[in-house]
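Chemist: Below are the structure tokens for one structure; questions will follow.
The values are calculated or read from the model by the stated rules, or taken from the named source; none is laboratory data. On a predicted model such as this, the values are computed, not experimentally measured, just so you know. As a convention, Cβ positions derive from the backbone with ideal geometry for all residues, glycine included, and neighbour counts pool all protein chains shown. Note: areas computed on protein heavy atoms with side chains; ligands, DNA, RNA excluded. Shrake-Rupley method; radii C 1.70, N 1.55, O 1.52, S 1.80 Å.
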Amino acid sequence: AAKKAPARKTAAKKAPAQQAAQPVADAPATLEVRNPGTGALVGTVPVTSADEVAAKVRELRLFQPEWEAIGPDGRKEWLLKFQDWLIDNTDTLADVVQSETGKPRVDSLIDPAFATDLVGYYARRAAKFLADDHPSPHSPLARVKKLTTVYKPYPVVGVITPWNFPLAMPALDVIPALAAGAAVLLKPSEVTPLSALEMARGWAEIGAPPVFAVVTGAGATGGAVVEHTDYIQFTGSTATGRKIAVACAERMVPYSLELGGKDPAIVLADADLDRAAHGIAFGGMFNSGQVCISVERVYVEAPVYDEFVAKLTANVKALRQGIDGRESKHDVGALANENQTNIVQRHVDEAVAAGAKVLTGGKRAGFGTAFEPTVLVDVDHTMSCITEETFGPTLPVLKVADEAEAVRLANDSIYGLSASVWTGDKDRGERIARQLNAGAVNINDVFSNLFNFALPMGGWGQSGVGARWGGANGVRKYCRQQAITAPML
Ligand code: NAD
């Protein structure tokens with residue numbers, strides 16, 4: 001007992017010093033934003049506290065009814081003004097995207113262009129998509145009733161986004177929710193919050209009603225968004241998506257989860273191999289492989305395997321990697337953060353240790369977080385580069401005996417976001433597409449589903465729950481359905 005007493009005293013003495021090391025309650029916490037290609041500090045943003053998130057949601061609730069009341073045509077005016085603002089500010093927006101992601105210029109320009117396209121699509125079509133439905137009665141008794149389905153927006157939608165397209169990802173989900181008549185609280189990734197803040201600046205600059213706000217911070221701020229909003233639109237990793245699903249279930253709040261992927265590409269012996277080798281190099285390396293629908297596994301029929309691998313490797317070797325200014329000089333830039341680079345290196349190292357061969361790349365590129373575009377062969381289906389999402393510039397290629405083996409291996413994944421099939425026979429391609437466990441399949445192409453908002457974009461299995469876009473569903477998902485019956489006469 002005599003020994004224990006001083007120990008307690010020491011602990012008691014240390015306590016004030018430990019307390020002093022904690023941030024003072026009213027000191028605003030901040031996050032630094034760095035260009036991952038250069039390490040340069042490009043911005044500092046506040047960490048929004050849970051109380052501030054709650055207050056923001058209360059504020060949005062006040063303005064939402066009027067936003068809903070002006071109807072889709074009233075909202076269209078504001079959305080088209082916002083589209084003009086995006087067009088007028090494209091270069092500035094690309095600067096911001098580039099500074100916080102380390103992307104090449106050409107990739108940074110995709111963010112504002114993609115957002116601009118989507119705003120026009122939903123601004124012009126929301127009225128049609130949200131119009132009441134009048135289904136026909138199916139029984140004689142119901143024929144005396146007028147039947148109506150009404151689409152009424154959730155008051156406040158919470159949108160939580162990742163870092164890979166820091167302007168496009170937010171816009172692609174915020175805009176349909178606004179078009180539906182909801183107010184939106186956006187929580188962008190803590191790695192790339194600046195582009196989302198630009199969006200908020202644009203919304204304020206055009207003088208639009210205050211029904212769109214951005215809060216910044218990491219998981220805790222995201223958790224508060226989930227805690228206070230009425231519908232959660234989440235894009236990010238499967239691990240975080242699972243946590244959000246649990247939190248939403250607790251509150252009985254609906255959600256849509258757009259999660260990770262491990263997209264297979266199937267190259268059949270009758271394919272145009274030049275086209276396949278170009279498309280798959282692009283699909284694997286665009287945005288340094290940091291696209292949820294990047295090609296992450298390639299299955300090639302044995303008779304064309306050697307020829308295809310030679311063409312693919314040549315294309316990947318030809319890519320220029322570096323840091324761009326406003327001029328487009330490079331095809332591949334940096335990865336978004338160090339954590340991402342470590343995952344890519346681990347997948348390559350584990351594959352090599354288990355017998356895979358690196359045909360090109362395989363190591364860091366020598367600046368910032370960048371990793372060299374990499375082609376791996378002699379890969380098997382137990383390696384982490386096949387079983388886990390890499391989200392980096394690697395293309396593991398496997399030889400398969402035939403179409404049946406390609407389909408079996410493509411489906412051997414917990415993910416099911418999208419896939420591609422490369423064949424000289426498009427009917428055969430469509431037949432194979434229907435056998436694949438994937439939310440989207442592109443024949444002789446990559447990403448073409450992504451640029452068609454009339455199609456749903458959603459993952460199967462661990463790649464997601466629900467979908468974004470898909471024409472009318474893209475705005476109806478942000479609405480509650482109300483059934484009204486009234487007498488015919
Ligand atoms: P992440 O899951 O780490 O973070 C995503 C967002 O969730 C961030 O804003 C983060 O701050 C927030 N967050 C983290 N913990 C949270 C919590 N407990 N509650 C609420 N919010 C929380 O993902 P990431 O690393 O930013 O993004 C990469 C992932 O995103 C990849 O898996 C990629 O495939 C996926 N992605 C999917 C799509 C799609 O449409 N399916 C599109 C782009 C990216």
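Chemist: Which of the aspartates and glutamates could be linked to Lys363 by a straight reach, that is with a Cα gap under 12 Å, when you skip same-chain ones fewer than 8 residues away?
Modeler: Within reach: Asp349, Glu372.
Chemist: For Leu359, Leu376, give me the order by solvent-accessible area with a 1.4 Å probe, most accessible first, ignoring ligands, DNA and RNA.
Modeler: Result, largest first: Leu359, Leu376.
Chemist: Take segment 208-299, compute every pairwise Cα distance, and split them into 10 Å bins from 0; I just need the percent in each bin.
Modeler: With 10 Å bins starting at 0, P(r) equals 14, 32, 23, 19, 11, 2.
Chemist: Let me ask another. So who's got an amide H within less than 5 Å of the one on Ser420, skipping anything under 5 residues away but keeping other chains? H placed 1.01 Å off N, in plane.
Modeler: Ala265, Ile266, Asn442
Chemist: How large a share of the accessible area of segment 385-446, in percent, is made up of carbon and sulfur atoms when the probe is 1.4 Å and the other protein chains stay in place?
Modeler: Answer for segment 385-446: carbon and sulfur cover 42 percent of the accessible area.
Chemist: Identify, among Gly120, Ser418, Met169, the residue whose Cα sits farthest towards the positive end of the charge dipole of the chain, taking +1 on the Cβ of Lys and Arg and -1 on the Cβ of Asp and Glu, with the dipole about the Cα centre.
Modeler: The residue sitting most towards the positive pole is Met169.
Chemist: So for the chain, what percent of the C-alpha to C-alpha distances run longer than 33 Å?
Modeler: 43 percent
Chemist: Multiply the residue separation of Glu430 and Phe367 by 0.36 nm, subtract the distance between their alpha-carbon atoms, and state the gained length in nm to one decimal.
Modeler: 18.5 nm
Chemist: Could you tell me the extents of segment 80-161's C-alpha atoms along the three principal axes, largest first, rounded to whole Å?
Modeler: 64, 24, 20
Chemist: Which parts of segment 139-154 would a label at Gln481 reach, counting a residue when its backbone N lies under 12 Å from a point 7 Å out along Cα-to-Cβ?
Modeler: Answer for this model: 148-152.
Chemist: Moving on. Where does each of His138, His278, His347, His381 land when they are ordered by accessible area, with a 1.4 Å probe and the largest first?
Modeler: I get His138, His278, His381, His347, largest accessible area first.
Chemist: Further, regarding this structure: Suppose all protein chains stay in the model; what accessible area per residue would a 1.4 Å probe give for the chain, in Å²?
Modeler: Roughly 43 Å² per residue, with all protein chains present.
Chemist: Another question, if that's okay. Roughly how far apart, in whole Å, are the Cα centres of segment 416-460 and segment 225-254?
Modeler: Here the two parts' Cα centres lie 28 Å apart.
Chemist: Got a sec? Charge dipole of segment 33-72, +1 on Cβ for Lys and Arg, -1 for Asp and Glu; which of Val42, Gln64, Val53 is way out at the positive end?
Modeler: My answer, from the dipole projection, is Val42.
Chemist: Evaluate the charge dipole of the chain about its Cα centre and quote only its size in Debye, nearest 20, assuming +1 on the Cβ of each Lys and Arg and -1 on the Cβ of each Asp and Glu.
Modeler: 1800 debye
Chemist: At most 15 other C-beta atoms within 10 Å and a DSSP loop state: those are the exposed trypsin sites (Lys or Arg not before Pro) I care about. Give me the longest piece of the chain that has none.
Modeler: So the longest stretch without any such site is 4-319.
Chemist: Among the listed pairs Lys152/Lys262; Lys103/Lys128; Lys81/Lys128; Lys187/Lys262, which are separated by more than 31 Å between their Cα atoms?
Modeler: Lys152/Lys262; Lys103/Lys128
Chemist: Follow-up. Of the accessible area of segment 199-241, with the probe set at 1.4 angstrom, what percent is carbon plus sulfur?
Modeler: Carbon and sulfur: 61 percent of the exposed surface of segment 199-241.
Chemist: Using the reciprocal of the averaged 1/r over all distinct C-alpha pairs, how large is the Kirkwood radius of segment 170-252 in Å?
Modeler: 13.5 Å
Chemist: Now for a different question. At each listed q (0.17 Å⁻¹), what is the log10 of I(q)/I(0) that the Debye formula gives for segment 418-489 modelled as equal alpha-carbon point scatterers?
Modeler: -0.71
Chemist: In addition: Please give the FRET efficiency for Val106 paired with Phe63, using the beta carbon to beta carbon distance and R0 = 51 Å, rounded to the nearest 0.05.
Modeler: E(calc), rounded to 0.05, equals 0.85.
Chemist: Could you tell me, in Å, what Rg and Dmax come out for the Cα atoms of segment 15-169?
Modeler: 22.8, 79
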